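Peer 1: My structure is below; once you've seen it, I'll send some questions.
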Amino acid sequence: MNSSRLWPARVRGTRTLVMALFLLACTPIGCVGPRSQITLSQTQLNRVAEQVRPSLVRLRVVSTDYYDGREVKSQSVGSGVIITEDGYLITNHHVAGWATRIFCTLWNLEEVEGELVGTDALTDIAVVKLKPDRPMRFVPARLGDSSRLSVGDPVLAMGSPMALSQSVTLGIVSNTNMIMPRFMGPSAQLRLDGENVGSLVKWIGHDAPIFGGNSGGPLVNLRGEVVGINEIRFGLSGAIPINLARRVAEALIAEGRVRRSWLGLDVQPRFKGGDRGRGILISGVLPGSPAARAGLQPGDLLISLNGTAVDVRFDEQVPEFMRLATALPIGQPVPCTVEREGREIHVTLVPVERGDFLARPREVRPWGMTARNLTPLSALEMKRPDTNGVVVTSVRAGGPAGEARPPLSAGDVLVAVNEQPVRCLADLERITHKLTSGKNEPVPVLATFERADKRLMTLVRIGTREFEDPGREVTKAWLPVELQVITRPLAHGLGQPDLRGFYITRVYPRTPAERAGLQVGDLIVALDGEPLTATSAEHADELNARIRQYDIGATVTLTVRRNGKTLQIPVELAPSPRLPREMKTYRNEAFEFTTRDLSFFDRAEEQWPEDLQGARVTEVRQGGWADLGMLLAGDVILEVDGQPVTDVDSLRRLMDRVAAEQKSPVIFKVLRGIHTRYLELEPRWNDSTRSP
């Protein structure tokens, strides 16, 4: 797969490539191997590139993933090609199939938002509709006929590698029937969302270099026609034939999904020994499937399906049979002929609709986990009798599900809560809402779940605890300076080996210490005539501990050595300011960031003016909307959508308004170091975003 992931580069659950060989080769753009030395004029190349360029689109995709017990957003970049004047474009499922937001950069660098129309993991094809904010007519690419390609034909790979602007690389068709070799085992399969893409796709192998970000871009012949959609690279580059991609795209545009038939058969090429010259070997029949009901058996040789003769001797022929078997009329009788023990047997199959292998997961925040529904196919694979229950897909460390004893873990199937049946995610969410509504503390519930062939129970404290104000320590008398112990080595270095006490490293501005005339570099050796004894780091709190024994507002006399002179300096003691950890805090669950009020120490250490107002960011959770918007820990939020932020209470009110109005984008003005920046946070609002 060749979508280029922006930071953080994270493996994405079941949507990853399950094969170490699928690596992006570091081939320089424009370099081709010795077998691909193609003699083409610059004029020819320019003509083809200019024909297709107006149809090229660079996609920046904000996708959702589900791991560590939460929904995580990430950004990736891929390519696409416009196929209709009204703005439908083809790309890969692994680029846009899990998109929350899609930003499309056109050939003229104009950015237009896109909307996911439909996606198909089984062929790794997705369709996006461009949604400009003004009327636009787009330039569609011409689609060719991929069945006419021959080995040696020159082709151009076009797209946006590494998130860069449009590029073109040149190569030849190396293989028109490229598959993943079966002898390499299951690890050699390209799986997306549990689907084996190679079961339907035979790739166009070519050696035009493609890189991360080229995924979804067109493979183009010298007539300027799109003949494939680039997808993978493992030595050779691989493109999905446009004839297949076109059919899938048409179905997605028409219905938003691809409807396929399912028979419940596992098949493989027939044995080489004693080859009868026809058929495909049935290696397995799934229980309860149309094939099982029709009486088909492992070992049967399927020789005809719906009137079409079947001949599969080689692995390269399997995808053709699978396309036949998944395109049968759903719910209608289909004739089938098999050979069993030398006899032909005629049966009738009634295909059912296949559906997706895996349902999409969701975050169940009160449980600290992500989960998905069972589908008929996933239930079969898990050897379950039906689709009742909710499959746990990940658990947050330290969250309710993870802290239960025994803890829930990925793969568990939750079947009941407080003895109420849980048939699906909607049941779990309804029961959870009823149990936690109006509660400020976690609620203990009895969860019944199944793990393999065991039925277990555990107590889970579900719900989210209100974020508590940390409170503050008792205010004590305070000397507004920072100190360093005069250790024995320092005393020797100062030429006063018997010196004991503290060295002033900072005098806080606009405080009684500054007004009393204390200076950085002063050596404090006594307090109210009592000598100090500190000589090592273990004594670092000696002076402050003594100071805390006085009343706030009391005046003490410090014995100070400065430039060889001993001074007696009276200083009024101030009330101790609140520490950063004691400041009032606000956590925004929708955007996933935490802030606190500015403290005295923030202003002093950062040398901020006394009148600076705002809320300091203390945490930005990876994969949240704030993280995608480039908000950083340490930033000070000064404004939200032009409205000033004075403290965390004002920030809370502004963010509540943002949620109520479902604004997007949301503009933060922040102070970062000595610079101010405007950040554009672009959430896609839904129930989980709106409700913490």
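The values are calculated or read from the model by the stated rules, or taken from the named source; none is laboratory data. Remember, predicted model here, so these are calculated numbers, not experimental data. Here the Cβ is made from the backbone with ideal geometry for all residues, glycine too, and neighbour counts use every protein chain on show. Side chains are part of the model used for accessible areas, which takes the heavy atoms of the whole protein and leaves out ligands, DNA and RNA. Shrake-Rupley method; radii C 1.70, N 1.55, O 1.52, S 1.80 Å.
Peer 1: Quick one: which of 280, 345 is over 25 Å from residue 452 (Cβ atoms), at pLDDT 95 or above, of a type outside the set (Phe, Trp, Tyr) and touching a helix residue (DSSP H, G or I) at 6+ places or on another chain (Cβ under 6 Å)?
Peer 2: Sole residue among the options that is over 25 Å from residue 452 (Cβ atoms), at pLDDT 95 or above, of a type outside the set (Phe, Trp, Tyr) and touching a helix residue (DSSP H, G or I) at 6+ places or on another chain (Cβ under 6 Å): 280.
Peer 1: Residue 410: surrounded by fewer than 17 Cβ atoms within 10 Å (Cβ to Cβ) and in a helix (DSSP H, G or I), yes or no?
Peer 2: no
Peer 1: Hey, another quick one. Whether any residue in the stretch 168-191 is at pLDDT 90 or above, within 30 Å of residue 361 (Cα to Cα) and not aliphatic (A, V, I, L, M) is what I want to check.
Peer 2: no
Peer 1: Okay, next question. Counting only residues that are of a type in the set (Lys, Arg) and in contact with a strand residue (DSSP E or B) (Cβ under 9 Å, 6 or more places away or on another chain), how many does the stretch 314-345 have?
Peer 2: Count: 1.
Peer 1: Scan the stretch 450-469 residue by residue and report those that are open to solvent by 40 Å² or more (accessible area, probe 1.4 Å), in contact with a Pro (Cβ under 8 Å, 6 or more places away or on another chain) and either in a strand (DSSP E or B) or at pLDDT 95 or above (or both).
Peer 2: Listed by number, the residues that qualify are 456, 459, 461.
Peer 1: Against the definition (touching a residue at least 24 places away in the same chain (Cβ under 8 Å), under 30 Å from residue 480 (Cβ atoms) and in contact with a strand residue (DSSP E or B) (Cβ under 7 Å, 6 or more places away or on another chain)), how does residue 646 come out, yes or no?
Peer 2: no
Peer 1: Which residue, of 578, 603, 596, 587, is under 16 Å from residue 507 (Cβ atoms) and surrounded by 15 or more Cβ atoms within 10 Å (Cβ to Cβ)?
Peer 2: Checking each option against the conditions leaves just 603.
Here's the yes/no breakdown for (1) in contact (Cβ under 8 Å) with a residue 12 or more places away in the chain; (2) open to solvent by less than 60 Å² (accessible area, probe 1.4 Å); (3) of a type in the set (D, E, K, R):
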position: 358; (1), (2), (3): yes, yes, no
position: 361; (1), (2), (3): yes, yes, no
position: 384; (1), (2), (3): yes, yes, yes
position: 403; (1), (2), (3): yes, no, yes
position: 406; (1), (2), (3): yes, yes, no
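Peer 1: Still on this structure: With respect to the numbered conditions (1) out of contact with any strand residue (DSSP E or B) (no Cβ under 8 Å at 6 or more places or on another chain); (2) at pLDDT 95 or above; (3) under 30 Å from residue 570 (Cα atoms), which one is the sole condition not fulfilled by residue 472?
Peer 2: (2)
Peer 1: Would you mind stating whether residue 632 is open to solvent by 10 Å² or more (accessible area, probe 1.4 Å) and either at pLDDT 95 or above or basic (Lys, Arg) (or both)?
Peer 2: Details: open to solvent by 10 Å² or more (accessible area, probe 1.4 Å): yes; either at pLDDT 95 or above or basic (Lys, Arg) (or both): yes.
It is true that residue 632 is open to solvent by 10 Å² or more (accessible area, probe 1.4 Å) and either at pLDDT 95 or above or basic (Lys, Arg) (or both).
Peer 1: Here's something else I'd like to know. Within the stretch 655-672, how many residues are modelled with pLDDT of 95 or more and within 19 Å of residue 632 (Cα to Cα)?
Peer 2: 8
Peer 1: Shifting gears a bit: Restricting to the stretch 310-358, and then to whatever is in contact with an Asp or Glu (Cβ under 9 Å, 6 or more places away or on another chain) and of a type in the set (Lys, Arg), can you tell me which residue is nearest to residue 202 (Cα to Cα)?
Peer 2: My answer is 313.
Peer 1: Follow-up question, since we're still on this one. How many residues are in a loop (DSSP other than H, G, I, E, B), open to solvent by less than 40 Å² (accessible area, probe 1.4 Å) and under 12 Å from residue 57 (Cβ atoms) if we restrict to the stretch 94-109?
Peer 2: Count: 1.
Peer 1: Is at least one residue of the stretch 209-226 within 26 Å of residue 312 (Cβ to Cβ) and either assigned to a loop (DSSP other than H, G, I, E, B) or among the hydrophobic types (A, V, I, L, M, F, W, C) (or both)?
Peer 2: No, the stretch 209-226 contains no residue that is within 26 Å of residue 312 (Cβ to Cβ) and either assigned to a loop (DSSP other than H, G, I, E, B) or among the hydrophobic types (A, V, I, L, M, F, W, C) (or both).
Peer 1: Counting only residues that are among the acidic types (Asp, Glu) and modelled with pLDDT of 95 or more, which one in the stretch 420-444 is nearest to residue 369 (Cα to Cα)?
Peer 2: 429
Peer 1: Go over the candidates 112, 61 one by one and state the one that is part of a strand (DSSP E or B) and within 29 Å of residue 396 (Cα to Cα). First the steps, then the outcome.
Peer 2: Values: 112 fails: within 29 Å of residue 396 (Cα to Cα).
When all the criteria are applied, what remains is 61.
Peer 1: Can you pull out the strands (runs of 3 or more DSSP E) entirely within the stretch 501-609 that have at least 2 residues that are among the aliphatic types (A, V, I, L, M)?
Peer 2: The strands (runs of 3 or more DSSP E) meeting that bar are 502-507, 523-527, 555-562, 565-572.
Peer 1: For the stretch 555-573, name all the residues that are surrounded by 17 or more Cβ atoms within 10 Å (Cβ to Cβ) and either of a type in the set (Ser, Thr, Tyr) or free of Cβ contacts under 8 Å to residues at least 12 places away in the same chain (or both).
Peer 2: 559
Peer 1: Of everything in the stretch 423-449, what is open to solvent by 80 Å² or more (accessible area, probe 1.4 Å), of a type in the set (D, E, K, R) and not in a loop (DSSP other than H, G, I, E, B)? Give them in sequence order.
Peer 2: Passing the criteria: 430, 434.
Peer 1: State whether the residues of the stretch 340-352 include one that is touching a Ser or Thr at 6+ places or on another chain (Cβ under 7 Å), open to solvent by 70 Å² or more (accessible area, probe 1.4 Å), over 15 Å from residue 391 (Cα atoms) and not charged (D, E, K, R).
Peer 2: yes
Peer 1: Could you list, in sequence order, the residues of the stretch 279-309 that are of a type in the set (Ser, Thr, Tyr) and without any contact (Cβ under 8 Å) to a residue 24 or more places away in the chain? Steps first, answer last, please.
Peer 2: Step one: of the stretch 279-309, the residues of a type in the set (Ser, Thr, Tyr) are 283, 289, 304, 308.
Answer for the stretch 279-309, where residues must be of a type in the set (Ser, Thr, Tyr) and without any contact (Cβ under 8 Å) to a residue 24 or more places away in the chain: 283, 308.
Peer 1: Can you tell me which residue in the stretch 526-538 is nearest to the chain's Cα centre (by Cα), limited to those that are open to solvent by less than 70 Å² (accessible area, probe 1.4 Å) and touching a residue at least 40 places away in the same chain (Cβ under 8 Å)?
Peer 2: Applying the filter and picking the extreme gives 536.
Peer 1: Something else about it: May I ask you to list pairs of residues, at least six apart or on different chains, whose Cβ atoms are under 6 Å apart, with the first in the stretch 248-269 being of a type in the set (Phe, Trp, Tyr) and the second being in a loop (DSSP other than H, G, I, E, B)?
Peer 2: Partner pairs satisfying both residue conditions: 262/354.
Peer 1: Here is a further query. Here is a check on your reading of the model: is residue 614 surrounded by 13 or more Cβ atoms within 10 Å (Cβ to Cβ), over 25 Å from the mean Cα position of the chain (by Cα) and more than 28 Å from residue 70 (Cα to Cα)?
Peer 2: Working: surrounded by 13 or more Cβ atoms within 10 Å (Cβ to Cβ): yes; over 25 Å from the mean Cα position of the chain (by Cα): yes; more than 28 Å from residue 70 (Cα to Cα): yes.
Yes; evaluated as a whole, the condition is true for this residue.
Peer 1: Assuming residue 258 fulfils every condition listed in (1) of a type in the set (Val, Ile, Thr); (2) part of a strand (DSSP E or B); (3) under 30 Å from residue 80 (Cα atoms) apart from one, which condition is it?
Peer 2: All conditions pass for residue 258, except number (2).
Peer 1: Let me ask something else about it. In the list 253, 204, 210, which residue meets the criterion of being at pLDDT below 95 and either under 24 Å from residue 104 (Cα atoms) or touching a Pro at 6+ places or on another chain (Cβ under 7 Å) (or both)?
Peer 2: Exactly one of 253, 204, 210 is at pLDDT below 95 and either under 24 Å from residue 104 (Cα atoms) or touching a Pro at 6+ places or on another chain (Cβ under 7 Å) (or both), namely 210.
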